[in-house]
1. Going by the conditions given, is Thr110 of a type in the set (Val, Ile, Thr), closer than 19 Å to Ile135 by Cβ and in contact with a strand residue (DSSP E or B) (Cβ under 7 Å, 6 or more places away or on another chain)?
2. Going by what's in this entry, would Leu83 be described as open to solvent by 20 Å² or more (accessible area, probe 1.4 Å) and either in contact with a Phe, Trp or Tyr (Cβ under 8 Å, 6 or more places away or on another chain) or under 15 Å from Leu40 (Cα atoms) (or both)?
3. Which residue pairs have Cβ atoms under 7 Å apart, sit 6 or more places apart or on different chains, and have a first residue in region 94-105 that is free of Cβ contacts under 8 Å to residues at least 40 places away in the same chain and a second that is among the aromatic types (Phe, Trp, Tyr)?
4. Which ones in region 53-86 are closer than 27 Å to Arg101 by Cα and in contact (Cβ under 8 Å) with a residue 24 or more places away in the chain?
5. Any idea how many residues of region 22-36 are open to solvent by less than 20 Å² (accessible area, probe 1.4 Å) and out of contact with any strand residue (DSSP E or B) (no Cβ under 7 Å at 6 or more places or on another chain)?
6. Residue by residue through region 27-44, note down the ones that are without any contact (Cβ under 8 Å) to a residue 40 or more places away in the chain, of a type outside the set (Gly, Ala, Ser) and over 9 Å from Leu77 (Cα atoms).
Amino acid sequence: MRAIVDTNLLITALLWRGLPHRLLEHARAGTLTLVSSETLIAELKEVIARKKFSSILTRVSLSHEQAFEQLQQLIVLVDAPSLPVPVCRDPDDDHVLAAARAAGADSIITGDHDLLALGSFQDIPIRTARQALAILDPPEASAT
């Protein structure tokens, strides 16, 4: 799967366990290709450096630079021109849509309600982490 994973899910994936972390494990295993744009990478760098994450990063023995570098190594960058007209009810989220379109993404994976409300964008499904993992982790076939 080739997907845009929004900034909040990437940070959650890196710092905590749970569904978003499983997405990161898929990226490390090569079963999920993370794609992003310069705009989204800049947002990721800014968000991960916020003071509220410092104690959590310290607990997992990472600096914000190391955390950013770990994520950046897993991400394929695409050039994502802005959308010609606003699409999302939160115009800041249009960067995610533009990156997905430019990347030819199979999915946009997010917890953002403004994006999830769209359902899809130009035939690219907008999924929660749980929905994406249902595709990436199909139930094992029953043993016969």
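1. For Thr110, the condition - of a type in the set (Val, Ile, Thr), closer than 19 Å to Ile135 by Cβ and in contact with a strand residue (DSSP E or B) (Cβ under 7 Å, 6 or more places away or on another chain) - is met.
2. Values: open to solvent by 20 Å² or more (accessible area, probe 1.4 Å): yes; either in contact with a Phe, Trp or Tyr (Cβ under 8 Å, 6 or more places away or on another chain) or under 15 Å from Leu40 (Cα atoms) (or both): yes.
Yes.
3. Listed by first residue and then by second, the contacts come to Leu97/Phe121.
4. Here is the first cut: in region 53-86, the ones closer than 27 Å to Arg101 by Cα are 67-86.
If the condition is that a residue be closer than 27 Å to Arg101 by Cα and in contact (Cβ under 8 Å) with a residue 24 or more places away in the chain, then Ala67, Phe68, Gln70, Leu71, Gln72, Leu74, Ile75, Val76, Leu77, Val78, Asp79, Ala80 are the ones that fit.
5. Taking region 22-36 as the starting set, the residues that turn out to be open to solvent by less than 20 Å² (accessible area, probe 1.4 Å) are 23-24, 27, 32, 34-36.
Going one step further and asking which of them are out of contact with any strand residue (DSSP E or B) (no Cβ under 7 Å at 6 or more places or on another chain), we end up with 24.
Within region 22-36, residues that are open to solvent by less than 20 Å² (accessible area, probe 1.4 Å) and out of contact with any strand residue (DSSP E or B) (no Cβ under 7 Å at 6 or more places or on another chain) number 1.
6. If the condition is that a residue be without any contact (Cβ under 8 Å) to a residue 40 or more places away in the chain, of a type outside the set (Gly, Ala, Ser) and over 9 Å from Leu77 (Cα atoms), then Leu44 is the only one that fits.
The values are calculated or read from the model by the stated rules, or taken from the named source; none is laboratory data. Since the structure is predicted, the reported quantities are computational estimates derived from the model, not experimental observations. Every residue, glycine among them, receives a Cβ derived from its backbone with ideal geometry; neighbour counts consider all protein chains shown. Remember, those area values only see protein heavy atoms, side chains included, never the ligands or the DNA or RNA. Shrake-Rupley method; radii C 1.70, N 1.55, O 1.52, S 1.80 Å.
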